[in-house]
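Engineer: The structure is given below, and queries will be raised subsequently.
The values are calculated or read from the model by the stated rules, or taken from the named source; none is laboratory data. All of these numbers come straight from a predicted model, not from anything done at the bench. Virtual Cβ from ideal backbone geometry, glycine too; neighbours counted across all protein chains shown. Ligands, DNA and RNA are excluded from the accessible area calculation, which covers all protein heavy atoms including side chains. Shrake-Rupley method; radii C 1.70, N 1.55, O 1.52, S 1.80 Å.
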Amino acid sequence: SLVVTRRVNHELDTETSSAWTAGLVWSPMANLDFSIDYFNIELRQQVQDLRIDGILQDEANCRLGRRPDGSTVDAASPTCVDALPRVGRNDDGDLYSIYINPINIARERTNGIDFNARYHLETRFGSFRFNGNYSWVREQESQQSSGDPVEDQFAVNSGFDIPRSKASVSLSWDKDRWTTTLHGGPLGKLANY
């Protein structure tokens, strides 16, 4: 059986971040408007709990000297120096323990575009509202420890399964004390293994 040990980390640094956005709004009619925004967010020293599967993958990559995609891994990298002692193995190489705790992630950065459309129509049958949102992420990068390579989270076999885009569409109707909303929210493609 596997023994998992989790402890608090009193050496965590304070999280910091910087973010900026720029956008435009166009309203061709009083009841119709469109907006587009560019966002750029960078998090430094973000506190994250280590994941057991992540530690085991890092340990395997460090011992083998390569990732599943064939790219090389430096066993002297900060991630390997941290991951290898977290995994306990007996003389036969069998796994028996793992040590986890929250750590500061060196940095994570994302940027992309948000698009919104809103329309409102008043009729004798009630009030109709349409709202549509679309988000497209251009880059999503992270670096676990300073000195490690920056990882593209959209890369194949990166270990991150996140969609590059997502949308949300809703149509609402209100009449007196009645209201109803139809909502849909498709996600972009995810890796299919």
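Engineer: If you scan segment 126-144, which residues turn out to be hydrophobic (A, V, I, L, M, F, W, C) and within 20 Å of His183 (Cα to Cα)?
Structural biologist: To start, the set of residues in segment 126-144 that are hydrophobic (A, V, I, L, M, F, W, C) comprises 128, 130, 136-137.
Listed by number, the residues that qualify are Phe128, Phe130, Trp136.
Engineer: Inspect segment 183-191 for any residue being modelled with pLDDT of 90 or more and either in contact with an Asp or Glu (Cβ under 9 Å, 6 or more places away or on another chain) or not in a loop (DSSP other than H, G, I, E, B) (or both) and give the result as yes or no. Write out each step before concluding.
Structural biologist: Filtering segment 183-191 down to residues modelled with pLDDT of 90 or more leaves 183-185.
Next, only the ones that are either in contact with an Asp or Glu (Cβ under 9 Å, 6 or more places away or on another chain) or not in a loop (DSSP other than H, G, I, E, B) (or both) stay: 183-184.
Checked against the condition, which is being modelled with pLDDT of 90 or more and either in contact with an Asp or Glu (Cβ under 9 Å, 6 or more places away or on another chain) or not in a loop (DSSP other than H, G, I, E, B) (or both), segment 183-191 yields at least one hit.
Engineer: Tell me the strands (runs of 3 or more DSSP E) entirely within segment 1-54 that contain at least 3 residues that are small (Gly, Ala, Ser), modelled with pLDDT of 85 or more and open to solvent by 60 Å² or more (accessible area, probe 1.4 Å). Talk me through it step by step, then tell me what you get.
Structural biologist: Numbers: elements: 3-6, 16-29, 32-49.
Ranges flagged: 16-29.
Engineer: I've got another one for you. Please enumerate the residues belonging to segment 118-155 that are outside any strand (DSSP E or B) and open to solvent by 40 Å² or more (accessible area, probe 1.4 Å).
Structural biologist: Arg124, Phe125, Gln144, Ser146, Gly147, Pro149, Val150, Phe154, Ala155
Engineer: While we're here: Across segment 156-185, what is the number of residues that are surrounded by 14 or more Cβ atoms within 10 Å (Cβ to Cβ), under 20 Å from Gln57 (Cα atoms) and either out of contact with any helix residue (DSSP H, G or I) (no Cβ under 8 Å at 6 or more places or on another chain) or free of Cβ contacts under 8 Å to residues at least 60 places away in the same chain (or both)?
Structural biologist: Final tally of qualifying residues: 2.
A quick yes/no check of all residues on (1) open to solvent by less than 20 Å² (accessible area, probe 1.4 Å); (2) without any contact (Cβ under 8 Å) to a residue 60 or more places away in the chain:
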{"residue": "Leu56", "(1), (2)": "no, yes"}
{"residue": "Cys62", "(1), (2)": "yes, yes"}
{"residue": "Asp69", "(1), (2)": "no, no"}
{"residue": "Thr72", "(1), (2)": "no, yes"}
{"residue": "Glu108", "(1), (2)": "no, no"}
{"residue": "Phe115", "(1), (2)": "no, no"}
